[in-house]
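Below: one structure, written as structure tokens.
None of the figures in this text is laboratory data; all of them are computed from the coordinates on show. All of these numbers come straight from a predicted model, not from anything done at the bench. Neighbour counts are summed over all protein chains in view; Cβ atoms, including those assigned to glycine, are modelled from backbone coordinates with ideal geometry.
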Amino acid sequence: MMTREKFEEAVLPPVVALLVAMLVGDALILLFGQSPGAVYRMLLEGTWGNAYGLGQVLYKATTLTFTGLAVAIGLRAGLFNIGAESQLAAGGFMAAVVGLAIPAGVPALLLLPVYFLAAALAGGAVGALPGWLKARFGAHEVITTIMLNFVVLALLNYLISSRFKVPDTLHTRELASGRLPRLDAFLPAFHGSAANVVLLLALAAAVLVGWFLFRTRAGFELRATGLQPAAAEYGGVKVGRVWWHAMAISGALAGIGGLNYVLGYKGYYEEGFATGAGFLGIAVALVGRSHPVGIVLAALLFATLSQGGLAVNALVPKQMVDVLQAVVIIAVATSVPEVRRLLRGFRRSNDA
């Protein structure tokens, strides 16, 4: 049961950060000679104000939920996974390659576990390597995951261009079986948007990650390692194994996110399909405070800003929304500890 104090410390800092970000956004909009109210109204109308815009928000939030959860698992273990971009791409690529070997006519429901496993294994392998290097040699995961981003993405681009691509394109052939339906198959109002049923997998993943972190012994050991590895090791936790497992799980979650594009949207793997979703997952995890509920909400926030940038482009440059995303991150990083300090000071003064 969450106490009032914990609820305040969990909710108030992000709210303050968003208010700070809105004030900075107002100043930026005014610099472009536009009305903040008009810009924010257009942003909301272009996202949550119509079915197509909402569908696009949900589509982008699906991938960001997976990459945010991936980064959060690492953070909970005291690790900073910068490699979600390559892990996401590896998962999508492996799912597409497996799909090319499957004949037409096989029901998607039967193939989903195959695609799921292929994406998880590929992303997990890319994530596990830095975890093993950390556990075995003490190599810093930030350096190894950054370098693996370049290596893995370059390798995938080579394989696409030399082995799998359709002539005069940068993508593989379309999958003959296993495509997942878009939401407009059930809700016609979403017609034209890329939102698909992988959204349900993302929500299920958030629930499972929450259960794993807070209801299992392995999750407790992971969190204990992240808080104080020396104390965890003294208590019998094999810290090296926890680091390795955490990075493997992190990579697997990011890899599964590749299904959103490959199975739910285009039906093929395309060079550069991630478009920064792996890196933006870092922001999602930080703003969401590495908690599954916060990550889902943060994914919706950043997806709204991303899609909203297209909607407000007639009034202000799309890059202004990119700046606003950065302001949200900085505001969270600076306001969270300060607001918590003020809350604790306020409680001490009331208790005195």
Starting with the fewest neighbours, write out His171, His140 ranked by other beta-carbon atoms found within 10 Å of each beta-carbon. His140, His171
Can you give me the Kirkwood hydrodynamic radius for the chain, using every pair of distinct Cα atoms, in Å to one decimal? 21.2
Per-residue Cβ contact counts at 10 Å, fewest first, order Phe186, Phe302 as Phe186, Phe302
In bins 5 Å wide, starting from 0, what share of all Cα pairs of the stretch 76-203 does each bin hold, as a percent? 2, 10, 15, 17, 17, 16, 11, 7, 3, 1, 0
I'd like the Karplus ³J(HN,Hα) series for the stretch 95-106: coefficients 6.51, -1.76, 1.60, θ = phi - 60°, whole numbers in Hz, and an x wherever there's a Gly or Pro. 4, 5, 5, 4, x, 5, 8, 9, x, 6, x, 7
Distance from the Cα centre of the stretch 149-171 to that of the stretch 179-243, in angstrom? 29
Straight-line reach only, C-alpha to C-alpha below 24 angstrom: list the lysines that Lys60 could link to, leaving out same-chain residues fewer than 8 apart. Lys266, Lys318
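Rounded to the nearest whole Å³, what is the per residue volume of the convex hull around the Cα atoms of the stretch 174-235?
Values: hull volume 9.4 nm³, N = 62.
Dividing the Cα hull volume of the stretch 174-235 by its residue count gives 152 Å³.
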Let's test the formula: R0 of 22 Å, r as the Cβ-Cβ distance of Phe80 and Met147. What FRET efficiency results, to the nearest 0.05? 0.95
How much length is gained on full extension from Trp211 to Arg173, taking 0.36 nm per residue of separation minus their Cα-Cα distance? 9.9 nm
Debye calc, one equal point scatterer per Cα of the stretch 242-302, no solvent, log10 I(q)/I(0) at q = 0.18, 0.28, 0.29 1/Å comes to -0.75, -1.18, -1.19
Taking 0.36 nm per residue of separation and subtracting the Cα-Cα distance, what length does fully extending Leu342 through Val97 add? 82.9 nm
Going by how many other Cβ atoms sit within 10 Å of their own, how do Glu233, Glu271, Glu85, Glu221 line up, fewest first? Glu233, Glu271, Glu221, Glu85
Using only alpha carbon pairs under 8 Å that are at least six residues apart, calculate the relative contact order of the stretch 53-311 and give it in whole percent. 42
Charges at C-beta only: +1 for Lys and Arg, -1 for Asp and Glu. How large is the resulting dipole of the chain about its Cα centre, in Debye rounded to 20? 740
Roughly speaking, what is the stretch gain from Phe186 to Ala139, that is 0.36 nm per residue apart minus the C-alpha to C-alpha distance, in nm to one decimal? 12.1 nm
